[in-house]
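A short reminder: the numbers here are calculations on the coordinates, not readings from a lab. From a predicted model like this one, the values you see are computed outputs, not experimental measurements. Here the Cβ is made from the backbone with ideal geometry for all residues, glycine too, and neighbour counts use every protein chain on show.
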Amino acid sequence: MELTLKEALKKGFEAYKAGQLQEADKIYTAILQKQPNHPEANHNMGVLAVAAGEFQEALPLLKNAIEASPNTSQFWLSYINTLINLDRLADAKGVLDQGKNNSDFAVAYNNLGIALKNKGDLEAALDSYKQALKLKPDFAVANNNLGVALKDKGDLEAAIDSYKQALKIKSDYAEANYNMGIALQEQGNLEAAIHNYKQALKTKSDYAEAYYNMGIALEVKGDLEAAIDNYKQVLKSKPDNAGAKMNLDSATKRAVPAWHLSMMKDKTRNKAYLDALKLAIDENDCVLEIGTGSGLLSMMAAEIGAKNIVTCESSKTIATVAKEIIHKNGFGREISVINKKSTELIVGKDLPRKADLVISEILSAEFVGEGVRSTILDANKRLLNDNGKMIPESGDIRIALLGSSAEIRDKVSVGNVNGFDLSSFNSISGRKFSINLNEKPVLLSSPKDAFKIDLYDVRKVEKEEKNVCLKANESGLCLGVVQWLRVQLFKDIEYENNPVEIASHWPTPIYLFDNPVEVAAGQVLEIRAALFENAVWFDLKA
């Protein structure tokens with residue numbers, strides 16, 4: 001039975017919506033053979049041509065539809081959008097301007113604005129978006145697009161106002177929330193930007209761009225763990241995103257510095273800690289380790305016989321891997337890993353009771369750089385029982401006069417390069433260097449303890465300054481002061497990383513004088529030494 005015209009149009013439309021373009025074309029062609037000027041059939045044939053990318057072929061069909069039914073807005077919109085696709089933007093604008101008061105044209109003005117912006121004509125794009133909003137003030141998409149164009153123009157405040165308007169109309173508009181986040185981030189308002197990225201993700205949970213830019217904002221804020229999580233979310237949906245891979249690697253290296261690897265493999269350091277643990281641990285001790293790292297020291301303690309070990313780690317990334325390592329090595333029952341700073345631990349909640357032994361290795365090359373003094377002071381006051389033990393117990397910051405050597409001169413200064421004198425650059429390159437030496441440094445004096453640090457001391461950490469006299473025991477050119485550690489771990493177990501005697505995972509801190517000094521054997525140089533809460537400084541006394 002032959003279909004009625006209405007049935008044929010419906011069937012053609014259904015075929016088009018189902019993606020059966022050839023079938024739809026067949027139906028509309030049959031209609032036009034009988035009624036060449038049928039407006040809907042002409043329009044729908046034009047739409048099929050557009051869907052096939054045949055924009056030029058679509059135009060006469062759409063014109064026929066308009067001529068047959070000039071008051072049908074949809075026909076005009078399809079015609080205008082086809083002109084835009086053909087990059088005939090002036091023609092599209094001319095047609096639009098003929099019906100300025102037709103609110104149905106708001107969508108076409110918005111589409112024209114997108115095309116103009118893509119061509120780099122921001123001013124014309126802005127005018128087009130504004131015209132769309134004049135016709136339809138509650139047009140959220142046009143408000144969002146206007147905001148994007150204003151941001152590209154550099155007017156962040158106006159852009160933010162447009163995004164606010166879009167969100168007022170459509171509060172769950174993911175793209176407007178995302179674009180608002182971008183603008184706020186450019187203003188430096190990171191907290192607000194992060195809030196908008198989160199709002200965007202509530203609506204669009206796989207929004208990779210929102211995760212990516214939130215990761216950047218979190219990284220700038222210093223929340224590396226959250227930044228890492230966001231970059232990983234990007235890679236779930238876009239595994240080839242080079243920017244996310246690069247940022248993830250950078251943030252991970254900041255969160256987990258490479259020195260962890262050399263520290264784990266420092267045999268001398270590890271043996272000293274093992275010897276100290278053997279002396280300190282009683283089977284029934286409640287043991288707290290501050291700074292889990294790989295879990296190595298906690299596993300040493302468990303292997304020695306400790307049954308109740310809590311280890312805390314502020315880095316979520318490190319804590320997660322430490323748990324995996326501890327379980328892999330069979331110590332999951334004896335060791336609990338808590339992702340917290342020690343200063344956040346609560347006795348009775350995180351610790352079953354106050355610790356009998358506190359273990360830590362949060363020492364920097366300068367001893368104090370990782371906040372060991374304030375951290376251990378807190379542990380002493382809150383987390384260690386009255387007769388508790390600590391590893392380490394104390395330490396010395398040792399210094400000696402540093403002689404000149406080719407390796408050190410090469411690593412801390414520049415001279416003649418390619419026939420050019422670049423030595424003036426040394427005046428702006430700083431005075432302190434932490435370097436890994438391949439050769440033993442030349443010491444022009446015997447070492448002396450600049451500062452002694454008693455980790456059982458519960459007094460408030462104070463700044464300390466003093467003069468330290470170093471006597472040259474041989475003549476030579478003195479570049480400055482070299483510094484290292486001597487750590488008393490437990491009772492008579494010590495570790496010292498004198499750079500003349502052992503290779504250490506800690507780099508060697510060197511403090512250059514403003515100018516090298518030629519010293520004679522027996523000459524005394526007075527060094528001004530300063531100890532801060534988390535840093536030390538040495539210089540030749542003026």
What are the semi-axes of the equivalent ellipsoid for the range 1-86, taken as the square roots of 5 times the Cα gyration tensor eigenvalues, largest first, in whole Å? 20, 15, 10
Give me the Kirkwood hydrodynamic radius of the range 461-511, using the inverse of the mean 1/r over all pairs of distinct Cα atoms, in Å to one decimal. 13.9
Restricting to the chain, compute how many DSSP beta bridges are antiparallel as a %, nearest 5. 75
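Seen from all sides and averaged, what is the projected area of the convex hull of the Cα atoms in the chain, in nm²? Don't jump to the answer; show the numbers that get you there.
Working: hull surface 156.3 nm².
The Cα convex hull of the chain, projected and averaged over all directions, gives 39.1 nm².
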Expressed as a whole percent, how much of the Cα-Cα distance distribution for the range 72-125 exceeds 12 Å? 59
Using the Cα atoms of the range 260-361, I'd like the radius of gyration and the largest Cα-Cα distance, Dmax, both in angstrom. 12.5, 36
Starting with the highest mean, order 370-378, 249-257 by the number of other Cβ atoms within 10 Å, averaged over the residues of each peptide. 370-378, 249-257
In whole µm²/s, the translational diffusion coefficient that Stokes-Einstein assigns to the range 115-255, given a Kirkwood hydrodynamic radius over C-alpha pairs, 20 °C and 1.002 mPa s, equals 137
Alpha-carbon centroids, the range 458-531 and the range 280-354: separation in whole Å: 34
For the table Lys236/Lys265; Lys271/Lys340; Lys232/Lys340, the rows whose alpha-carbon distance is greater than 24 Å are Lys236/Lys265; Lys271/Lys340
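Taking a cut-off of 24 Å, what percent of all Cα-Cα pairs in the range 345-470 are separated by more than that? Before the final figure, lay out the partial values.
Working: 3990 of 7875 pairs.
Counting every Cα pair in the range 345-470, those more than 24 Å apart make up 51 percent.
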For the range 394-540, what size does the Cα cloud have along each of its three principal axes, sorted from largest down, in whole Å? 57, 31, 29
Using the eigenvalues of the Cα gyration tensor, what equivalent ellipsoid semi-axes result for the range 221-272 when each is taken as the square root of five times the eigenvalue, whole Å, largest first? 30, 12, 8
If packing is taken as the average count of other Cβ atoms within 10 Å, what order do 222-233, 207-218 fall into, highest mean first? 207-218, 222-233
What are the equivalent ellipsoid semi-axes of the range 89-167, built from the alpha-carbon gyration tensor (square roots of five times its eigenvalues), in whole angstrom, biggest first? 20, 15, 8
